[in-house]
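Read through the structure below, which is laid out as structure tokens, and then see the notes.
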Amino acid sequence: MRLIFRKTILGLSGSAAIGILSSLICCVNAQAEVFISRYSVSLAGVHIGDAILRTSLEAKTYKVAVSADFSVMLVNTRIAGEASGSRAGAKLAPDHFRMITTGGEESAVETNFAGSRANAKAAQHLRGLLDPLSALLVTSLKPGAASSSCNHVLPVLLGRTRFDLRLYPKPAAEPAEKPAAVTCLAIASDSRPGQRDLVMEIGFRKLPKPHVWLVEYLSLPTQNGTLAIERAETAVSGS
């Protein structure tokens, strides 16, 4: 069974992307629930690229992959990342994380959570930590009412940098950047001294099947204008 949820953003035609998304999920494991979303990325209101987020949920395991391609000031940047691990319902335990950035600023980050468990010191250091992609999935799997998607404090590890991601319901008196079923304020607090907190706005919308909260948009102020990541369309397949 395959379902398509389409949304037009910034006048983009989604027909080509839908074809790509459909071809990506047509041959997935029938026992897995897979949802693939395309996101439009803009800076100061100007479209600069796109990102694809692919999530696969099985009874005891999960996998999240992201690929993004965008250009700023004639500099092209590509990001490819993947996280995998085990799950017990909405509780996730990451096994492996990797993210590679090429183009303007090149970097590579890899964390072997599963391999580190054999080392007592490393296991203690990583206990309870999530990689960024697994943390994103945790927010999507939160059961219960809509507001529960905004009640999180997630310890996240990216390379050697540890930060806490705190999500709060946005006060009703404050207008949201974009319409969404639930809107959260997210604060990323870097554990290193002298680092400033990042404050973001994240909107979620619930899918009927699988029972997940999709990230509808993310808005982050920068010195070059607001960075906005908005969901354009989603393809869903599952048993």
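So, R0 is 35 Å and r is the distance between the beta-carbons of Thr61 and Arg196; what FRET efficiency does that work out to, to 0.05?
Efficiency, from the Cβ-Cβ distance: 0.45.
Which whole-number percent gives the relative contact order of region 198-239, counting Cα pairs below 8 Å spaced six or more residues apart?
Relative contact order of region 198-239: 30 percent.
Given a cut-off of 19 Å, name the pairs among Lys91/Lys121; Lys142/Lys170; Lys91/Lys142; Lys63/Lys142 whose C-alpha atoms lie farther apart than that in the structure shown.
The pairs that break the limit, which is 19 Å between Cα atoms, are Lys91/Lys121.
Please report the net charge: other residues with Cβ closer than 11 Å to the Cβ of Ala59, K and R +1, D and E -1.
Around Ala59, the surrounding residues sum to 0.
Treat the count of other C-beta atoms within 10 Å as a stand-in for reagent exposure and order Ile100, Ile52 from fewest to most. Write down the numbers at each step before the final one.
Working: Ile100 14, Ile52 17.
Starting with the residue having the fewest Cβ neighbours, the order is Ile100, Ile52.
Provide His211, His152 in ascending order of the number of other Cβ atoms located within 10 Å of each residue's Cβ, fewest first.
Details: His211 12, His152 17.
Neighbour counts put them in this order, fewest first: His211, His152.
Which net charge results when you count Lys and Arg as +1 and Asp and Glu as -1 among the other residues whose beta-carbon is under 14 Å from that of Ser71?
Net local charge, Ser71 excluded: -2.
Going by C-beta contacts inside 10 Å, put Phe70, Phe35 in order with the fewest on the left.
The fewest-first ordering by Cβ neighbours comes to Phe70, Phe35.
With each label point set 7 Å from Cα along the Cα-Cβ vector, what nm distance links Glu110 and Thr161?
2.1 nm
Read-outs throughout are calculated quantities, based only on the coordinates presented, and are distinct from any laboratory measurement. Here the structure is a predicted model, which means the values were calculated and not measured. Cβ: placed from backbone, ideal geometry, glycine included. Neighbour counts: every protein chain shown.
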